[in-house]
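> Right, I'll just put the structure down here and ask away after.
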Amino acid sequence: MTAEGFETGLGPTSHSFISQRLRLHYVDWGNAGAPPLILVHGGRDHCRNWDWVAQALRKDWHVIAPDLRGHGDSAYSPSGDYSMSAYVYDLAQLIHRQGLAPVRIVAHSLGGNIALRYSGLYPENVTRLVSIEGMGPSPAMVAKRIETPIHERLSRWIDDQRAVAGRMPRRYASIDEALARMQAENTHLTPTQARYLTVHGVSQNEDGTYSWKFDNYVRGMSPADISLDDQHALWERITCPTLLVYGKESWASNPETDGRIRHFSNARVVSFERAGHWVHHDRLEAFLDELRAFL
């Protein structure tokens, strides 16, 4: 399996489920008799970013990849609610309604944060967990954030939400123009990868221009979240083998060096050379080798 393309005629089928009155989209790669494996994407991304991983694993697993609320082909939240608790509820709803537990989960960035919380909430439902740079802000970033009084953080969030409300989705004249933005975001992507992710990540507007599918409101980080101690308590409840994946060229903080690994009873960290935040794109073959052995 390479990042340059797929075998023909083997794409997934699209489905939906309801969560808090929202119709949320997911793709199913078939092989329903095999053990279930859920792939959860990160912020401002979409479920088709997993296609290379999904096709490589679909013969051994029943692979399902959801679009988070406000992302891809899932509905936008009318209230603009993109809190972590809402995302966790959506994942819980997918697993519950489709009868997927016990399940293995592979998740990236925001998706990794969601999956870690879900796995601590329902440890009996998850048998293997892979979180690619999904532990949220580093301890240093959190310490700096809490130096700001809560009234300032809340008022700043309100200002940010108002700014988003008045912001029109950016329009690109062509796929190639949107592609250039994608390539600027992740310089590790091959041209083929970047174009594929762009084609699945945009929708065409009535005037013929293109915009990213995600809701602008997902850009805001809700100030209403569980405490850091509560997050650690959830991590400590995870019982399944857990793989924490990091790229050595990423901005993300490695839990082995910043101390967060101590909150896990059965986890190890794997770091990849020549990889940034999107390890599963940047080092696909090496990542798949590690993933197959772990699963």
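> Considering only the range 81-121, state which residues are crowded, with 18+ Cβ neighbours inside 10 Å, free of Cβ contacts under 8 Å to residues at least 60 places away in the same chain and not aliphatic (A, V, I, L, M).
The answer is 87, 113, 118.
> Can you name every residue in the range 12-26 that is over 22 Å from residue 119 (Cβ atoms) and crowded, with 19+ Cβ neighbours inside 10 Å? Please lay out each step first, then the result.
So in the range 12-26, the residues over 22 Å from residue 119 (Cβ atoms) come out as 12-16, 18, 21-23, 25.
Across the range 12-26, the qualifying residues are 12, 22, 25.
> Still on this structure, please answer the following. So, in the range 175-228, how many residues would count as being in contact (Cβ under 8 Å) with a residue 60 or more places away in the chain, part of a helix (DSSP H, G or I) and more than 30 Å from residue 274 (Cβ to Cβ)?
Residues meeting the conditions: 2.
> Give just the number: which of (1) at pLDDT 95 or above; (2) out of contact with any Gly (no Cβ under 9 Å at 6 or more places or on another chain); (3) over 23 Å from residue 169 (Cβ atoms); (4) not in a strand (DSSP E or B) does residue 113 not satisfy?
For residue 113, the exception is condition (2).
> How many of the residues in the range 81-110 are of a type in the set (A, V, I, L, M) and assigned to a helix (DSSP H, G or I)? Before the answer, list the steps.
Taking the range 81-110 first, the residues of a type in the set (A, V, I, L, M) are 84, 86, 88, 91-92, 94-95, 100-101, 103, 105-107, 110.
Subset that is assigned to a helix (DSSP H, G or I): 84, 86, 88, 91-92, 94-95, 110.
The number of residues fulfilling the criteria is 8.
> Within the range 244-281, count every residue that is part of a strand (DSSP E or B), touching a Ser or Thr at 6+ places or on another chain (Cβ under 6 Å) and closer than 25 Å to residue 193 by Cβ.
Kept after step one, since they are part of a strand (DSSP E or B), are these residues of the range 244-281: 244-247, 267-272.
Next cut, touching a Ser or Thr at 6+ places or on another chain (Cβ under 6 Å) only: 244, 246, 267.
Then keep just the ones that are closer than 25 Å to residue 193 by Cβ; that gives 244, 246.
Final tally of qualifying residues: 2.
> Follow-up. Going through the range 9-57 one residue at a time, which ones are assigned to a strand (DSSP E or B), under 17 Å from the mean Cα position of the chain (by Cα) and over 18 Å from residue 76 (Cα atoms)?
Matches in the range 9-57: 28, 37, 38, 39.
> Just the residues that are assigned to a loop (DSSP other than H, G, I, E, B) and touching a residue at least 40 places away in the same chain (Cβ under 8 Å), please, taken from the range 64-80. Steps first, answer last, please.
Filtering the range 64-80 for residues assigned to a loop (DSSP other than H, G, I, E, B) gives 67-80.
Correct list: 67, 68, 69, 70, 71, 72, 73, 74, 75, 76, 77, 80.
The values are calculated or read from the model by the stated rules, or taken from the named source; none is laboratory data. Quick caveat: nothing in here was measured; it's all calculated off a predicted structure. Using ideal geometry, Cβ is built from the backbone for each residue, glycine included, and neighbour counts are taken over all protein chains shown.
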